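Trainee: What follows is a single structure, and I will ask about it in a moment.
Each value in this text was obtained by applying a stated rule to the coordinates, not by laboratory testing. Computed from a predicted structure; not experimentally measured. Cβ placement follows ideal geometry from the backbone for every residue including glycine, while neighbour counts extend to all protein chains displayed.
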Amino acid sequence: PWSGRPADALRDAFAEAPLPAWNAYGWIAFEFAAARPTGRLAHLVVPRTEVRIAEGRAHIGGPDADRVAGLLAEAAPVAGTPSPVDVRVDGDAYRAKVAEAVAEIHEGRYQKVIVSRRLDIPHPVDVIATYARGREANTPARSFLLDLGGLRATGFSPEVLATVDADGRVMTQPLAGTRAFGAGAETDARSRRELENDPKEVFEHAVSVRTALEELHRVCDPGTVQVTDFMTVKERGSVQHLGSRAVGVLAPDRSPWDALDALFPGVTASGVPKPEAIEAITRLENRRGLYSGAVVAASHDGSLDSALVLRALYSENGRAWLRAGAGIVGASAPAREYEETCEKLSSIAPYVVPLA
């Protein structure tokens, strides 16, 4: 049992880990940051055996290394033919939610909120084959494939939420502002120019970067927080984003879990100000769970790596679904925001492989 901040519970649990050296992997749900969190908030494990792939080689460590090496040697290529999922559904309902959010923004309740929609898949899915097919077509910041506690998911995260190295250097990479990508060089270049010069997209990105800097200031030494890359275009599968990079150095009394807690959930997956945006999301949507949460890797040496769970497929209790959202500000047009969700869903929807 625990009480207080969920991040403190994770910090304390790993501080009491019986192993002198460990690596942990898992996920954190969006509701981890809710004012009154409910349901499963996180699931992290310290594996007995690890396989790390680097420079085309697999490095295996742990008591089951020989057995795992044998399994890898016998592994066959992943089979499966995708059955693309139609993303252009539920448009009226989503556009109505966007219009409601825009009205609340004009009332002064918040500046920005990410409104998402869920797309149910009417058949079981092969999560591993979907990862294999989708990874070939995507250019993520991080990709992931997990099966923990009955929840299976795979995705191609466009965005690093927080990294902390063993020396306490923190980095976050907010992406906000979107246009389609992959329609050909001429069309992609035109979309890029639109993205870089659209006042709505630039404003959405700027307020996200400002919030990320404010959050870093809460946990980093004064004078170390800075933007090292501002509003450059990042290509991520079926879309291109405006992206920035902000860094800082943890204050001596702060831990990697404090950095994650300060930046979670990503401003680009929640809104500005965050508390008001999270409250709006709980009214406008059903429970998000893993969507817009994070996949996390942490280590005994104080390092931590986390990425937003976006552009993903989810499977639990015999059901499978996709989910995507768009950043809503006062200048948002519901039709354009719906189109943005279609563009993002297209990073994974064409690669969904049915379970044989």
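Trainee: Among Leu213, Gly318, Phe203, whose Cα projects farthest towards the positive end of the dipole of region 189-322, with charges put on the beta-carbon of Lys, Arg (+1) and Asp, Glu (-1)?
Mentor: Most positive-ward Cα: Gly318.
Trainee: On to the next question. If we sort 66-75, 88-97 on the protection proxy, mean other Cβ atoms within 10 Å, highest first, what's the order? Before the final figure, lay out the partial values.
Mentor: Values: 66-75: 10.9, 88-97: 14.4.
So the order, starting with the most tightly packed, is 88-97, 66-75.
Trainee: Here's another thing I want to ask about it. Along the charge dipole of region 206-315, pointing to its positive end and built from +1/-1 on Cβ of Lys, Arg, Asp and Glu, which listed residue (Leu242, Pro275, Asn286) has its Cα farthest out?
Mentor: Asn286
Trainee: Same structure again: Taking the beta-carbon count within 10 Å as an exposure proxy, list Trp27, Trp321 from fewest neighbours to most. Mind showing how you got there, number by number?
Mentor: Working: Trp27 24, Trp321 16.
Listed from fewest to most nearby Cβ atoms, that is Trp321, Trp27.
Trainee: Note down the magnitude of the dipole of the chain about its Cα centre, charges +1 on Lys and Arg C-beta and -1 on Asp and Glu C-beta and zero elsewhere, to the nearest 20 debye.
Mentor: On the way: 40 positive and 47 negative charges, 101 e Å.
Its charge dipole is roughly 480 debye.
Trainee: For region 150-227 and region 41-62, what is the separation of their C-alpha centers, rounded to whole Å?
Mentor: 27
Trainee: Taking the Cα centre as origin and putting +1 on Lys and Arg beta-carbons and -1 on Asp and Glu beta-carbons, what dipole magnitude results for region 149-256, to the nearest 20 debye? Numbers along the way, then the final one.
Mentor: Values: 13 positive and 16 negative charges, 43 e Å.
Once rounded to the nearest 20, the dipole reads 200 debye.
Trainee: Oh, and also: Can you give the relative contact order of the chain as a percent, counting alpha carbon pairs under 8 Å and 6+ residues apart? Please list the in-between numbers first.
Mentor: Details: 744 pairs, mean separation 105.3, N = 356.
Result for the chain is 30 percent.
Trainee: What does the highest-first list of 194-205, 42-53, 109-120 look like by mean Cβ count within 10 Å?
Mentor: 109-120, 194-205, 42-53
Trainee: Would you work out if region 1-159 is rounded, prolate or oblate? Take a ≥ b ≥ c from the square roots of the eigenvalues of the alpha-carbon gyration tensor; rounded if a/c is under 1.5, else prolate when a/b is larger than b/c, oblate otherwise. List each step's numbers first, then the result.
Mentor: Values: a/c = 2.64, a/b = 1.32, b/c = 2.00.
Cα axes put region 1-159 in the oblate bin.
Trainee: Would you be so kind as to identify which of Thr232, Ala137, Pro6 lies farthest towards the positive end of the dipole of the chain, taking Lys and Arg as +1 and Asp and Glu as -1 on Cβ and the Cα centre as origin?
Mentor: Ranked along the dipole, the leading option is Ala137.
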